[in-house]
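What follows is a set of notes on a single structure, which appears directly below.
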Amino acid sequence: MTFATISWSAACDACGAALHCSGTQAVVGDRLRWDEEHLCPGCGTTVLVCGDTLPDHLRTRMLAEHGAARLALSDLPDRRLPILRVLRNDGGRTLPEARALLELILGGGHHGTGPEIELLARKLRAVGVAAEAVRQP
Ligand SMILES: [Zn+2]
């Protein structure tokens, strides 16, 4: 689950031919990257964009195509502090936000794309917390 790819088709703005569109989200080092590519077989138009925070339209497609992943934790509740520290550092959350997210995770209510959850699981494993990204059934 270190990367997820989707592909779809859309009409080319320039010539109307069917574009080949694809999007990828991946864990690269300790962060997330995404890219989106549009290739037109009709007029040769190529669009390539990339960034770190996945745009909503790609995220929605990715969740629809691959389903959501969730974070599975073990060895709780005696190891909450390192978990909270990781959750705070990840995205600059406040402590109350990190606590709320941990409750969500423990309740199985925190979902994301495979790479998003995989990155969080890696950060948690790096501080000695047994965490795993699992597919939603
Ligand atoms: Zn075209």
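Quick one: pull the percent of accessible area on the chain belonging to carbon and sulfur, 1.4 Å probe, ligands and nucleic acids left out.
The nonpolar share, carbon plus sulfur, comes to 53 percent.
Over the Cα atoms of region 66-118, compute the convex hull volume and normalise it per residue, giving Å³.
77
Hey, what's the Cα Rg ratio for the chain versus the globular rule of thumb, 2.2 N^0.38 Å?
For the chain, the normalised Cα radius of gyration comes out at 1.25.
Using only the Cα atoms of region 3-66, what are the Rg and Dmax in Å?
12.6, 40
How much accessible area per residue does the chain have, counting only protein heavy atoms and a probe of 1.4 Å, in square angstrom?
55
Quick one: net charge around Asn89, please, counting Lys, Arg +1 and Asp, Glu -1 for every other residue with C-beta under 11 Å from its C-beta.
In short, +2.
Taking Cα centroids, how far is region 81-116 from region 2-76 in Å?
Taking the Cα centre of each part, region 81-116 and region 2-76 sit 24 Å apart.
Which value at 222 nm does the chain reach when only helices count, each DSSP H run of 4 or more adding -39,500 (n - 2.57), with the total divided by all residues and rounded to the nearest 500 deg cm²/dmol?
Only helices count here, giving -10500 deg cm²/dmol.
So if I average 1/r over every pair of distinct C-alpha atoms in region 31-84 and take the inverse, what Kirkwood radius in Å does that give?
14.7
Heads up, I need the accessible area for Ser9: 1.4 angstrom probe, whole protein in place, Å², nearest 10.
Roll a 1.4 Å probe over it and Ser9 shows about 80 Å².
The values are calculated or read from the model by the stated rules, or taken from the named source; none is laboratory data. Bear in mind the structure is a predicted one, so any value in this text is a computation, not a measurement. Every residue, glycine among them, receives a Cβ derived from its backbone with ideal geometry; neighbour counts consider all protein chains shown. These area figures cover heavy atoms from the full protein model, side chains too; ligands, DNA and RNA do not enter into them. Shrake-Rupley method; radii C 1.70, N 1.55, O 1.52, S 1.80 Å.
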